[in-house]
1. Can you tell me which residues in segment 28-58 are β-branched (V, I, T) and either within 24 Å of M81 (Cα to Cα) or within 16 Å of the ligand (Cβ to nearest atom) (or both)?
2. Residues that are crowded, with 18+ Cβ neighbours inside 10 Å: list the helices (runs of 4 or more DSSP H) wholly contained in segment 117-197 that include at least 3 such residues.
3. Just wondering, is there one or more residues in segment 187-194 that are within 13 Å of the ligand (Cβ to nearest atom) and more than 15 Å from D36 (Cα to Cα)?
4. Could we say that A109 is open to solvent by 50 Å² or more (accessible area, probe 1.4 Å) and either in a loop (DSSP other than H, G, I, E, B) or at pLDDT 95 or above (or both) here?
5. Out of everything in segment 49-60 that is out of contact with any Gly (no Cβ under 9 Å at 6 or more places or on another chain) and small (G, A, S), what residue ends up being nearest to L124 (Cα to Cα)?
6. May I ask you to list the residues in segment 198-248 that are in a loop (DSSP other than H, G, I, E, B) and within 20 Å of N19 (Cβ to Cβ)?
7. If the requirement is being more than 16 Å from the ligand (Cβ to nearest atom), modelled with pLDDT of 95 or more, of a type outside the set (K, R) and open to solvent by 10 Å² or more (accessible area, probe 1.4 Å), which of these qualifies: L22, L16?
8. For E248, work out the one condition from (1) farther than 18 Å from I123 by Cβ; (2) at pLDDT 95 or above; (3) of a type in the set (D, E) it doesn't fulfil.
Amino acid sequence: MRKKLIAGNWKSNGSLERNADLLDSIVGAKALGSVDVVVCPPFPYLPSVGDAVSGSKVELGAQNCSATEEGAYTGEVSARMCADVKCSWVILGHSERRALFAESDDVIACKVKRAIDSGLKPILCIGETLEERESGRAEEVALKQLDAVFLSVQPDESWVVAYEPVWAIGTGKTASPNDAQSMHKALRDNIRKHFPQIADKIRILYGGSVKSSNAKELFSMPDVDGALVGGASLVSEEFVSIIEAAVE
Ligand code: PGA
């Protein structure tokens, strides 16, 4: 049985004051322990958020890391630095990074390699655009993004995949539970083909306009192992309700 995981992707949002309010409710959530919870604030807040969750079951994640080693790379934050400030996780390959910052599959594979070399667990995001879905290529696109990383960096069962259809991110549109299930199953079957020993253990999250009102139905699907939550992770009652919806 895979334990459900709910990860909050705060994106470029937050302030010391707002973070403190949000974290108060999250660390008090009754479902912690039955559900794994990760919060991913912007880089400058990692140490203070890390302090706020230390001693609780909430884990810390970064939203990105550098594809380079440390050195003369102005503005870059290495995976080792993230691990140094107590991150256990890092979101990589988010569609906003792919679309707005031109991250290719090769760059993402490189970042994943840096992450695991530093002891971080990747949350690898993949997903198709609306045009790709409408032209019947959703599965092909998502599987290609998955293979680009899985076949160049040997995965293990601690990795997490987040299927996030681009058209559902921040739009209020969510994949139907059946569409999410069918994609998650295709992804798991593909993982099974190459890495049979981890296929039933690896968690595949759904992301894209997850909220308290649609979480339970999505989580009832056999291959949906939790959620990567953007907008709703910034509203404490919403995020806590999503965590509660993941209790089996
Ligand atoms: P959303 O974002 O929940 O606001 O759609 C999800 C994500 O981008 O990870």
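The values are calculated or read from the model by the stated rules, or taken from the named source; none is laboratory data. Fair warning: this is a prediction, and the values are worked out from it, not measured in the lab. Cβ: placed from backbone, ideal geometry, glycine included. Neighbour counts: every protein chain shown. The accessibility values were calculated without ligands, DNA or RNA, using every heavy atom of the protein model including side chains. Shrake-Rupley method; radii C 1.70, N 1.55, O 1.52, S 1.80 Å.
1. Residues satisfying the conditions are V37, V38, V39, V49, V53, V58.
2. In segment 117-197, the matching helices (runs of 4 or more DSSP H) lie at 138-150, 177-194.
3. no
4. no
5. Filtering segment 49-60 for residues that are out of contact with any Gly (no Cβ under 9 Å at 6 or more places or on another chain) and small (G, A, S), the one nearest to L124 (Cα to Cα) comes out as G50.
6. G230, V235
7. L16 is the lone residue from the list that is more than 16 Å from the ligand (Cβ to nearest atom), modelled with pLDDT of 95 or more, of a type outside the set (K, R) and open to solvent by 10 Å² or more (accessible area, probe 1.4 Å).
8. Going through (1) farther than 18 Å from I123 by Cβ; (2) at pLDDT 95 or above; (3) of a type in the set (D, E) one by one, E248 breaks only (2).
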